[in-house]
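The values are calculated or read from the model by the stated rules, or taken from the named source; none is laboratory data. All figures in this text were calculated on a predicted structure; none of them were measured in a lab. Cβ coordinates were reconstructed from backbone atoms using ideal geometry, including for glycine residues, and neighbour counts include every protein chain displayed. These accessible areas exclude ligands, DNA and RNA; they are computed on the full protein's heavy atoms, side chains included. Shrake-Rupley method; radii C 1.70, N 1.55, O 1.52, S 1.80 Å.
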Amino acid sequence: MGFLRIRTTVDERPGRLASLAAALADRGGNILGLSVQSDADGTVDEFVADIPAAPEAVRAALEAAGGRRVQVVPATAHELTDEPTRALLLASRLRSMPWRLPEFLAELLRADDARWIYGEAVSDLPDPTLLVVPVAPRRAVRLRRAELPFTLTEAARAASFVRLAQPPVEQGAAEPTVKLADGEEVTVRPLTSIYREAVRDLHDRCSPEARRFRYFTSMPELPPRMFDRLCDRSRGRSIVAGHDGQVVAMASLMFTPDPGIAEMAFLVEDRWQGRGLGTALARTLVHEARDLGYAEVRATMLSDNVRMRRLLLSLGATLGYTEDPGVIEARLPVGAMASA
């Protein structure tokens, strides 16, 4: 018997994981570790298993069970350590020795090689066994792992890990200010219960169409329970944009049950639309998702919401139809904007 690290991509359908586990069991495999990651074209299931079957037989069994791009490589007992504990220990070491960032990144992602690179970092490399993690505008860490390509989830983990090596944000710093194309400025703050009335007024000022695009119905006011959920930081992150004592826009990043995926939505007052505010808020949310370790941000919208479609396409999202012909889903890899 021997330890194997097994990775396969599957379609996001109920029962796929159970089929893969059953296929390994049929080959006498004992699953000792499991992780589920989001990637560009499906979900990546990764197993560490003690299994007597040859790698070729394991690969064939998983392909028959619905797996795609099945990869089987040798593993060691060392890789059976608890992953959250291992990541926390590495984070602790990084905080005390940030200059060893490439070494710790390599250990985090089990890369074969890691080194600093300088100059213009390439973010979209054609080789999936290479990963470039931006650290500063002209400095990055390049990772190489010959046997297993990097996933979007791993790229997000690396970006979040890098943040630990960067200087802390100064306390008492000025609140973020967004300057729009026409020169107007708005202030961005986290949504808290203190903005309950201001958000109610925002809904009053928005047109029925603006509210329909946000909630799929022309909701005249935000129910208290929904407002409280948007303020709950265990469920997501929400921000408001203020100008002249009023909240003129609200944006939300909500956590989902899907591993590595968060969902975002916006409500921008009509007279502030088309001025770049929505794009600025979207960038803020995607950077927040990166810092939280998410691999992908998604958004669902009505098919006639042309402005939202253009906004997300400009950020690098891909669009696809859902089972409802009137609803479109946008998928935006966090890594596409990690260095923006």
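Give the range 1-47 a look and list any residue that's farther than 18 Å from Asp258 by Cα, open to solvent by less than 60 Å² (accessible area, probe 1.4 Å) and of a type in the set (Val, Ile, Thr), or say none. Residue satisfying the conditions is Ile6 alone.
For Arg283, the requirement of being under 21 Å from Ala249 (Cβ atoms), among the charged types (D, E, K, R) and assigned to a strand (DSSP E or B) is not met. For the range 202-230, filtered to residues that are out of contact with any strand residue (DSSP E or B) (no Cβ under 8 Å at 6 or more places or on another chain) and assigned to a loop (DSSP other than H, G, I, E, B), the residue that is nearest to Arg307 (Cα to Cα) is Ser207.
The combined condition, being surrounded by fewer than 15 Cβ atoms within 10 Å (Cβ to Cβ), in contact (Cβ under 8 Å) with a residue 40 or more places away in the chain and closer than 26 Å to Asp304 by Cα, is not fulfilled by Ser238. Could you say whether any residue in the range 107-119 is of a type outside the set (Ser, Thr, Tyr), open to solvent by less than 70 Å² (accessible area, probe 1.4 Å) and part of a helix (DSSP H, G or I)? Yes, the range 107-119 contains at least one residue that is of a type outside the set (Ser, Thr, Tyr), open to solvent by less than 70 Å² (accessible area, probe 1.4 Å) and part of a helix (DSSP H, G or I). The residue of the range 286-340 that is farthest from Met254 (Cα to Cα), among those that are of a type in the set (Val, Ile, Thr) and surrounded by fewer than 17 Cβ atoms within 10 Å (Cβ to Cβ), is Val306.
Applying the set (1) on the phi > 0 side of the Ramachandran plot; (2) touching a strand residue (DSSP E or B) at 6+ places or on another chain (Cβ under 8 Å) to Arg110 leaves exactly one unmet item: (2).
Scanning the range 50-79 for residues that are without any contact (Cβ under 8 Å) to a residue 60 or more places away in the chain, open to solvent by less than 30 Å² (accessible area, probe 1.4 Å), in contact with a Ser or Thr (Cβ under 9 Å, 6 or more places away or on another chain) and under 12 Å from Arg7 (Cα atoms) yields Leu62, Gly67. Screening Arg271 against (1) surrounded by fewer than 21 Cβ atoms within 10 Å (Cβ to Cβ); (2) touching a residue at least 60 places away in the same chain (Cβ under 8 Å); (3) over 16 Å from Ser314 (Cα atoms); (4) of a type in the set (D, E, K, R) leaves a single unmet condition, (2). Restricting Val162, Val199, Val178 to residues that are assigned to a helix (DSSP H, G or I), open to solvent by less than 30 Å² (accessible area, probe 1.4 Å) and at pLDDT below 90 narrows the list to Val162.
Screening Leu230, Leu148, Leu152 for residues that are open to solvent by less than 30 Å² (accessible area, probe 1.4 Å) and out of contact with any Lys or Arg (no Cβ under 7 Å at 6 or more places or on another chain) leaves exactly one candidate, Leu230.
Any residue that is outside any strand (DSSP E or B), farther than 30 Å from Arg189 by Cβ, modelled with pLDDT of 90 or more and open to solvent by 30 Å² or more (accessible area, probe 1.4 Å) - is there at least one of those in the range 127-144? No.
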